[in-house]
């Protein structure tokens, strides 16, 4: 009897959603879209807090310091799923110390290059990199970010030799890609759609199985002959393990309803993202498979982060 009563009274105070990235980054934008819809449709009081750093472990640690009562939610990302392999001495694991709530969205990456790079397609870029080993660079918004991880999988799958240049923040990485300091990058489309349209960056391929509506003229990695590089970025919500199942069910139901709203779907579409949804169990299985996948990529690539 206690759990149903608990769910009925939840939430009775403000819910915090902790994002392990900076303001304006895709996880922040997606989280705020969903939080705003929950505030309007459910009448919940929600604040979104940004706590970037250390491959998402700063944000995760903040949630773990709070009670397991559903009032502190972690925006959990693809990058965070790689943190156990990147930082093996961190004192927690995302698959055991957190309970899955829901997968919120998926978004594929676009491979962009500085226009000075003499490659008009992914195939031509691979050929260029193989002809000039260790001469070109790819950038990201930091070690362990999705842009870095996808770039490393690209390197492993194609056998190219290229140098990764990590930045403290994504805007810096994009700026140096535009000015030619670096040569290419994998990135979710939102930050670069206007740059592609204006010719400041050249789009070579998208990591989707079919062409993106926002980039209709850009071929997929499948079309380019690299089907193993179909990769989807994702953002989700998790809570501290031990949170009552009834509270997790309440959150899951409300967020699924929010993701089905036309206004939310339209907001996602504008940033080339797709609503996900589903059950906590489905997302829990996804977390485990992603952790295993990125652990192999990190180990094969020999990536290590300073403790």
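Below is a table of values for the structure above.
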| item | result |
| --- | --- |
| Options 133, 88, 118; residue that is assigned to a loop (DSSP other than H, G, I, E, B), free of Cβ contacts under 8 Å to residues at least 12 places away in the same chain and outside the structural domain of residue 277 (by TED's automatic domain parsing) | 118 |
| Within the stretch 143-163, tally of residues that are under 20 Å from residue 22 (Cβ atoms), free of Cβ contacts under 8 Å to residues at least 60 places away in the same chain and in contact with a helix residue (DSSP H, G or I) (Cβ under 7 Å, 6 or more places away or on another chain) | 0 |
| In the stretch 152-172, the residues that are part of a helix (DSSP H, G or I) and either surrounded by fewer than 17 Cβ atoms within 10 Å (Cβ to Cβ) or modelled with pLDDT of 95 or more (or both) | 152, 153, 154, 155, 156, 157, 158, 171, 172 |
| Test set (1) closer than 30 Å to residue 184 by Cα; (2) over 16 Å from the mean Cα position of the chain (by Cα); (3) crowded, with 20+ Cβ neighbours inside 10 Å - residue 207 fails condition number | (2) |
| Within the stretch 252-278, tally of residues that are modelled with pLDDT of 95 or more and touching a strand residue (DSSP E or B) at 6+ places or on another chain (Cβ under 8 Å) | 11 |
| Subset of the stretch 31-65 (residues that are outside any helix (DSSP H, G or I) and surrounded by fewer than 16 Cβ atoms within 10 Å (Cβ to Cβ)) | 43, 45, 47, 49, 53, 65 |
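For (1) closer than 25 Å to residue 28 by Cβ; (2) in a loop (DSSP other than H, G, I, E, B), each residue gets a yes or a no:
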| position | (1), (2) |
| --- | --- |
| 177 | yes, no |
| 193 | yes, no |
| 204 | no, no |
| 222 | no, yes |
| 225 | no, yes |
| 228 | no, no |
| 234 | yes, no |
| 246 | no, no |
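The values are calculated or read from the model by the stated rules, or taken from the named source; none is laboratory data. Remember, predicted model here, so these are calculated numbers, not experimental data. Here the Cβ is made from the backbone with ideal geometry for all residues, glycine too, and neighbour counts use every protein chain on show.
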